[in-house]
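None of the figures in this text is laboratory data; all of them are computed from the coordinates on show. Everything numeric in this text was worked out from a predicted model, so none of it was measured. Note that we place each Cβ from the backbone using ideal geometry, even for glycine, and neighbour counts take in every protein chain shown.
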Amino acid sequence: MAITFSDAVFPELATSGRALAMGNAFIARVDDSSAVFYNPAGLGTVRYGHFHFSNFHLETNRGWMNIGTGGGLTDASSNFTKSISLDGQRELLNKPGSYGKLAYTRFHLLPNFTTRYFSAGYLLSKQTLATIQSETSEFEYAQRLDHGPYAAFNISALGGIFKVGFSAAFINRNEAIGSADKDTTLELGDNDKNKGSAIIITGGTRLTLPVTFLPTFAATLHNAGSQRFSQSGGGGRPTKIRQTVDLGFSITPQIGKSLRLHLETNYKDFFDKYGASTARRITFGSEFDFSRTFFLRFGWGDGFGSFGLGLRTRKLEFDLTTYAVDTSGSSFRGIEDRRFSLTLSSGF
């Protein structure tokens, strides 16, 4: 298993717990602040404007939970503290019962001001992957830190039938991907890190037909300017964000007076810039909407199922999600990495 981030099926700079519960099939549905990264055209369907300062997303997997919270009661606090750092993960993974496990964490903070047609905010995101495959293997790691301001806008035409939107994010990236002796303290120097910045533009469109079930066609272009990161430091440039296209289609039947069902499919990375299996890149999602307040979600993405619960009010958005990533490379349904996320956004 080559350690890597799953950018083919999950190309967004900031993921949404709501989207992950729907197999990340979301570009035809997105109607909140995450439209900036999924499909900026979705800003045209934002219902209520808000300023959310406490918007955060916390995510981990079974591997991290095993090493970070496992062991006896007296070890739990120490293990959790160690599991927060890369070197601490190296120490926890370097045990007979932990070989072959993959530890993953993701945290992002996304304070933003979002209204219909416009959004602006600041992104701070950190992802970490770590593993030791066997007693004779090295410690493999991947760490990515992104931060920077962003803004997005949307234009609607034909009474809202057609929408187009764009977002621009000035991303400062600090990335370290490599391997090291599992028995030696990990100390990453400047030459071990790839640092740089780039303006990443995302463009999107959405066409909703004003007929029964509201059939909707959507498309998103990631890194529309095909920008490379600059280099700042001795380690080189960060990995380029590939220019990819996602396509989507959805319907939204009205089942009852206060119940709606959204069904969506997305074709991620349509031109196959990452070389992942086609079956992994075709995703499906469903969302049961109870009075626009409570949500039950199911999905299928990257070859595995997903599930989530959500609550939305004018001042609060809360999502609990489980989904899975295939960590086997380009094959279909290879190695399941089950993940869990919590998203909380509040403000006024």
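Taken as Cα centroids, segment 274-348 and segment 72-139 sit 19 Å apart, rounded to the nearest whole angstrom. Within the shell defined by Cβ-Cβ distances under 10 Å, the residues around residue 174 carry a net charge of +3, with Lys and Arg each +1 and Asp and Glu each -1.
For segment 248-278, applying the loop criterion from DSSP together with a ceiling of 12 other beta carbons within 10 Å to the chymotrypsin sites (Phe, Trp or Tyr not before Pro) yields 271. Based on C-alpha pairs under 8 angstrom that are at least 6 apart in sequence, segment 17-346 has a relative contact order of 19 percent. Considering only 165, 238, 149, and ranking their Cα positions along the charge dipole of segment 17-346 that arises from unit charges at the beta-carbon of Lys, Arg, Asp and Glu, the one farthest toward the positive end is 165. Other residues lying with their Cβ under 15 Å from the Cβ of residue 44 contribute a combined charge of +3, Lys and Arg counting +1, Asp and Glu -1. Here the label points at residue 291 and residue 212, each 7 Å from Cα along the C-beta direction, are separated by 2.8 nm in the simple model.
Computing Rg and the Kirkwood Rh from the Cα coordinates of segment 164-300 gives a ratio, Rg/Rh, of 1.13. Viscosity 1.002 mPa s, temperature 20 °C: what is the translational diffusion coefficient of the chain from Stokes-Einstein with a Kirkwood Rh over Cα pairs, rounded to a whole number of µm²/s? Using the Kirkwood radius from Cα pairs, D works out to 104 µm²/s.
Paramagnetic label reach from residue 261 (point 7 Å along Cα→Cβ; backbone nitrogen cut-off under 14 Å): within segment 1-32, no residues.
A simple count of charges around residue 101, restricted to other residues whose Cβ falls under 14 Å of its Cβ and scoring Lys, Arg +1 and Asp, Glu -1, yields +1.
Compared with the alpha-carbon gap, the fully stretched path from residue 116 to residue 316 is longer by 70.3 nm at 0.36 nm per residue.
What you get for the chain, charging only the Cβ of Lys and Arg (+1) and of Asp and Glu (-1), is a dipole of about 1120 debye around the Cα centre.
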